[in-house]
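The values are calculated or read from the model by the stated rules, or taken from the named source; none is laboratory data. Everything quoted here is computed from the prediction, not taken from an experiment. Cβ coordinates were reconstructed from backbone atoms using ideal geometry, including for glycine residues, and neighbour counts include every protein chain displayed.
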Amino acid sequence: MKFTKIGLVGVGTVGQGIAEMLAKSGLEVHMLEDSGEKLDAAIATISNGLDKQIEKWGITSSEKKLILGRLRRAESVEDMASCQLVIESTTEEIDNKKIIIRKLDEICSPEVILASTTSTLSLTELAGACTHPERIIGMHFLIPMTEIDVVEVVRGIRTSDETIQNARSFLEETLHKKGIQVYESPGLVTTRLICILINEAVAVLAEGIATAEDIDASMRDGYDFKYGPLEMCDRFGLDSVNAALSRMFKEYGELKYRPNYLLKKMVRAGQFGVKTGEGFFRYNKDGVRV
């Protein structure tokens, strides 16, 4: 299957990264949001991010124009009917995702792949809302998508071999990313492992064993991480990490997934990390630590 036109439902933080990545790969991206204002804001954020790349000589002004020119505004779900692949990237609410996937299943021809970016909700449950559950798949992109070349390809109970093969072909041949097949499980592989590391780092901080700077330095420099676990948490969003841990704790019932009280307290205080400018560390409006 040749992929040239991709649908994207939900252009929040994750969706914006996906849209930029797809457009950079030469794909036409049809984006849908709850309102025109949200879509305007998403495109403005993508544009500002491209400007920063121009300042660092990462891309040229001409390349920016080409990338933005591939981003198309969708007026309704019906506009996704002509896409070869549609990615759902809305907030982690199962009922809302079911409604979206069901609508897409109704309007898109059976060979169109319908993907969800969820890493903690049941893909099989989402597929259960559809007439063609065999074409429902998960694609968990790691942040930042434009820099990390691994994508978890999630298989539900009724996902077909053909869907898996076409999805991996799309990732590897079109996006030049490595598709890792995983079977549906709360947290998959990457979220499950990294959230436990982050939660334990928060526990070490809460117990006063070391400072946030030294905890991160020990893992960043000692184990060659790009960021330490606490800065990772800031960049993922403390609210997102807390939500992921809470869902895994509920599903598995194991104490290792229970969010540390310090993490929950910071979330209640509105300290979500980069998105609010303050988490375990402070950040400027460009997401750079200060």
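In the set Val241, Val202, Val274, only one residue is among the aliphatic types (A, V, I, L, M), touching an Asp or Glu at 6+ places or on another chain (Cβ under 9 Å) and in contact (Cβ under 8 Å) with a residue 12 or more places away in the chain; that residue is Val274. Among the numbered conditions (1) touching a strand residue (DSSP E or B) at 6+ places or on another chain (Cβ under 6 Å); (2) within 20 Å of Glu93 (Cα to Cα), the only one that Gly277 does not meet is (2).
Condition (residue is assigned by TED's automatic domain parsing to the domain that holds Gly12 and either more than 25 Å from Ile194 (Cβ to Cβ) or over 16 Å from the mean Cα position of the chain (by Cα) (or both)) applied to the stretch 115-122: is it met by at least one residue?
Looking only at the stretch 115-122, we keep the residues that are assigned by TED's automatic domain parsing to the domain that holds Gly12, and these are 115-122.
Add one more test, that the residue is either more than 25 Å from Ile194 (Cβ to Cβ) or over 16 Å from the mean Cα position of the chain (by Cα) (or both), and what stays is none.
No: zero hits.
Mind listing whichever residues of the stretch 125-147 are in contact (Cβ under 8 Å) with a residue 12 or more places away in the chain and part of a loop (DSSP other than H, G, I, E, B)? Of everything in the stretch 125-147, those that are in contact (Cβ under 8 Å) with a residue 12 or more places away in the chain and part of a loop (DSSP other than H, G, I, E, B) turn out to be Ala129, Cys130, Thr131, His132, Leu142, Ile143, Pro144, Met145, Thr146. Considering Ile54, Ile46, Ile18, which residue is of a type in the set (A, V, I, L, M) and out of contact with any Ser or Thr (no Cβ under 7 Å at 6 or more places or on another chain)? Checking each option against the conditions leaves just Ile46.
Can you list the helices (runs of 4 or more DSSP H) found entirely within the stretch 150-240 that contain at least 1 residues being farther than 28 Å from Ala269 by Cα?
Details: elements: 161-169, 190-206, 212-222, 229-236.
Correct list: 161-169, 212-222.
Are any of the residues in the stretch 79-92 in the same structural domain as His176 (by TED's automatic domain parsing), loosely packed, with under 14 Cβ neighbours inside 10 Å, within 17 Å of the chain's Cα centre (by Cα) and within 27 Å of Ser119 (Cβ to Cβ)? Checked against the condition, which is being in the same structural domain as His176 (by TED's automatic domain parsing), loosely packed, with under 14 Cβ neighbours inside 10 Å, within 17 Å of the chain's Cα centre (by Cα) and within 27 Å of Ser119 (Cβ to Cβ), the stretch 79-92 yields at least one hit.
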